[in-house]
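Below is one structure; the comments refer to it alone.
The values are calculated or read from the model by the stated rules, or taken from the named source; none is laboratory data. The structure presented is a predicted model; accordingly, all values stated were derived computationally and were not measured. When we count neighbours, we look across all protein chains shown, and the Cβ atoms used for this are built from the backbone with ideal geometry, even at glycine. Please note that ligands, DNA and RNA were not included when accessible areas were found on the heavy atoms of the full protein model with its side chains. Shrake-Rupley method; radii C 1.70, N 1.55, O 1.52, S 1.80 Å.
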Amino acid sequence: MKAREIAPDIYWIGVIDWAVRDFHGYTTLNGTTYNNYLIKDRDITLVDTVKHSFADEGMANLAALVDPSTVKNLVVNHIEDDHMGALARFMELMPKATLYITEKGKSGMERFFETSGWNVKVVKTGDELKTGKYTLTFVETPMLHWPDSMMTYVKEAELLISQDAFGQHLASSARFDDEFVNCASLSELDEAVIDYYANILMPFNTLIKTKIAEIGKLGIPIKTIAPDHGIIWRSNPNKIIQTYLDLAGGKADLRVAVIYDTMWGSTDHMARGILEGIEEEGVSSKLVKLRATPTSVATKELWKSRGYIVGSPTLNNGIFPSVAEFVTNLRGLRPRDRIAGGFGSFGWSGGAVKWLYEQFEAMKLETVGPCLELRYKVLKEDKEKCLEFGRDFARKVKEYHKKFE
Ligand code: FEO
């Protein structure tokens with residue numbers, strides 16, 4: 001893909017990973033991009049590199065615009081492999097470049113690469129780098145989403161290179177939000193933003209609100225937000241900032257995701273009855289069967305919904321494996337501003353639902369009870385129990401949702 005100018009003499013020179021479907025366990029149904037940026041100023045400056053497996057393509061993109069040996073500065077905003085994996089290869093081409101990185105980034109980078117001989121300058125929030133007509137200001141964003149993370153603001157271009165924040169796993173020939181509409185529908189872009197937020201940024205809601213407020217206080221105008229994945233925001237950067245504030249503030253739809261798996265059909269049968277009950281209360285609902293749905297997609301469905309109910313059959317007195325995987329992933333994400341419930345079926349003795357509520361409690365989730373657990377088969381008389389469970393959950397979700405209106 002050819003370089004694209006995103007501001008005068010500042011170029012996107014990243015690579016597009018059309019085929020990746022497994023991004024460290026996160027299912028990327030639409031691929032992704034690894035964005036990096038070149039500032040062709042008096043002092044040529046590169047911001048980030050690319051994933052190690054795209055090193056050759058990334059270096060060719062750079063060489064198409066400048067002689068790589070003339071790169072004077074290399075900003076490392078984040079040391080995760082998808083942005084820094086090709087760093088050593090790039091440094092072979094620009095051994096005299098000075099690296100700008102946070103303290104935590106430097107200590108992490110030294111675990112990945114032999115850095116003796118590299119010029120490394122540790123930077124912190126507010127530090128500036130003058131490249132000629134442009135001034136770069138560094139803004140540390142620890143735990144968004146790694147301890148080393150930072151963003152780079154290019155003052156004269158009013159450009160925020162935001163690293164993982166505001167990104168999306170979305171491979172596209174469009175580079176900008178206003179171009180994307182020609183490739184697909186904008187709702188696909190909105191969906192990609194929520195998917196990325198749910199699976200990567202969900203645990204950092206409070207930090208996101210704090211960091212956006214901090215950036216706001218700096219009073220810096222932002223014309224363009226250029227993340228390290230996906231589409232660049234230039235038509236209305238405030239929209240994605242507001243979207244993040246909404247998501248971090250608990251925005252969700254009044255609906256219920258019923259996320260479950262089943263062995264011989266009983267839990268599935270229960271899920272359908274529960275869904276019916278939820279809908280009777282005028283709340284929309286969606287069934288998400290785990291072995292038919294990637295964990296990351298189920299997580300996104302949860303994040304879009306004000307309430308979610310997890311269902312599992314009991315297997316050997318415990319939880320069903322696919323449900324265990326989903327809930328284990330959830331333990332790291334710690335969803336807030338939603339209410340949870342559990343249900344399941346068993347043959348000889350229960351156990352799965354007890355396990356679910358123990359996990360909910362360990363995650364300090366807001367749950368509603370009572371749970372529902374049925375033996376062997378959903379008989380005619382059990383149908384009403386499922387319906388009422390769904391109705392009751394929907395009523396509680398409606399009440400809970402009022403807090404956010
Ligand atoms: Fe896109 Fe945290 O790496």
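Which three lengths, in whole Å and largest first, does region 314-388 cover when its Cα atoms are put on their principal axes?
Answer, in whole Å and largest first: 38, 28, 15 Å.
Straight-line reach from residue 211: which lysines have a Cα under 16 Å away, not including same-chain ones fewer than 8 places off?
Residue 211 reaches 124.
Output the Kirkwood hydrodynamic radius of region 256-396, Cα pairs only, in Å rounded to one decimal. Mind showing how you got there, number by number?
Details: mean 1/r = 0.0691 Å⁻¹.
Final number for the Kirkwood radius of region 256-396 is 14.5 Å.
Just the number, please: percent antiparallel of the DSSP beta bridges in region 38-121, rounded to the nearest 5.
Working: 2 of 11 bridges.
Around 20 percent antiparallel, to the nearest 5.
Might you tell me the accessible area per residue for the chain, computed with a 1.4 Å probe and given in Å²?
Values: 16820 Å² over 405 residues.
The answer is 42 Å² per residue.
Show me 170-177, 212-219 ranked by packing, highest mean number of other Cβ atoms within 10 Å first. Display every interim value, and only then the final one.
Details: 170-177: 19.5, 212-219: 11.8.
The peptides rank, most packed first, as 170-177, 212-219.
Using a simple charge model, +1 on the beta-carbon of Lys and Arg, -1 on the beta-carbon of Asp and Glu, nothing else, what dipole does region 4-248 show about its Cα centre, in debye to the nearest 20?
Numbers: 23 positive and 34 negative charges, 145 e Å.
Here the size comes out at about 700 debye.
Can you give the net charge of the other residues whose Cβ lies under 11 Å from the Cβ of residue 33, counting K and R as +1 and D and E as -1?
Working: positive: 51, 175; negative: 17, 82, 228.
Residues close to residue 33 contribute a combined charge of -1.
In whole percent, how big is the carbon plus sulfur part of the accessible area of the chain, probe 1.4 Å, protein atoms only?
Details: 8830 of 16820 Å².
The C+S portion of the solvent-accessible surface of the chain is 52 percent.
What whole-number distance in Å separates the alpha-carbon centres of region 192-270 and region 312-331?
26
Hey, got a sec? Which GluC sites (Glu not before Pro) in region 74-136 land in a DSSP loop and have at most 16 other Cβ atoms within 10 Å?
Details: sites: 80, 92, 103, 110, 114, 128; in loops: 80, 114.
For GluC sites (Glu not before Pro) across region 74-136 that sit outside H, G, I, E and B with at most 16 neighbouring Cβ atoms in 10 Å, the list reads 114.
Which of the pairs 217/403; 72/121; 72/155; 223/403 have their Cα atoms more than 22 Å apart in this structure?
On the way: 217/403 28 Å; 72/121 13 Å; 72/155 19 Å; 223/403 34 Å.
Violating the 22 Å limit, Cα to Cα: 217/403; 223/403.
Would you calculate, for the chain, the mean residue ellipticity at 222 nm contributed by helices, counting each DSSP H stretch of 4 or more residues as -39,500 (n - 2.57) and dividing by all residues, to the nearest 500?
That calculation yields -10500 deg cm²/dmol at 222 nm.
Dipole of the chain (Lys/Arg Cβ +1, Asp/Glu Cβ -1, origin at the Cα centre): which of 60, 46, 23 lies farthest to the positive side?
23
Can you give the % of DSSP beta bridges in region 4-248 that are antiparallel, to the nearest 5? Mind dumping the intermediate values first?
Numbers: 26 of 41 bridges.
Restricted to region 4-248, the bridges split so that about 65 percent are antiparallel.
Tell me which trypsin sites (Lys or Arg not before Pro) from region 360-399 have a DSSP coil assignment and no more than 14 other beta carbons within 10 Å of their own. Could the numbers behind the result be given before it?
Numbers: sites: 364, 375, 377, 380, 383, 385, 391, 395, 396, 398; in loops: 364, 377.
Qualifying residues, ordered by number: 364, 377.
Got a sec? Charge dipole of region 326-396, +1 on Cβ for Lys and Arg, -1 for Asp and Glu; which of 362, 344, 333 is way out at the positive end?
Of 362, 344, 333, it is 333.
Could you tell me which helices of the chain pass both thresholds, a Cα extent of 30 Å or more along their own axis and a mean Kyte-Doolittle hydropathy of at least 0.0, with helices taken as whole DSSP H runs?
On the way: long enough: 380-401 (32 Å, -1.66).
Qualifying helices, which must be both long enough and hydrophobic enough, do not occur.
Cα-based Rg of the chain per 2.2 N^0.38 Å, rounded to two decimals?
Details: Rg = 23.9 Å, N = 405, 2.2 N^0.38 = 21.5 Å.
Dividing the Cα Rg of the chain by 2.2 N^0.38 Å gives 1.11.
Given 108, 125, 230, which one lies farthest toward the positive end of the charge dipole of region 4-248, if we put +1 on the Cβ of every Lys and Arg and -1 on the Cβ of every Asp and Glu?
125
Which residue, 298, 252, 60, has the most motion in a Gaussian network model of the chain that connects Cα atoms within less than 10 Å?
In the Gaussian network model the winner is 60.
Based on Cβ point charges of +1 for Lys and Arg and -1 for Asp and Glu, what charge dipole magnitude is obtained for region 256-396 about its Cα centre, in debye rounded to the nearest 20?
Values: 21 positive and 18 negative charges, 68 e Å.
It works out to roughly 320 debye.
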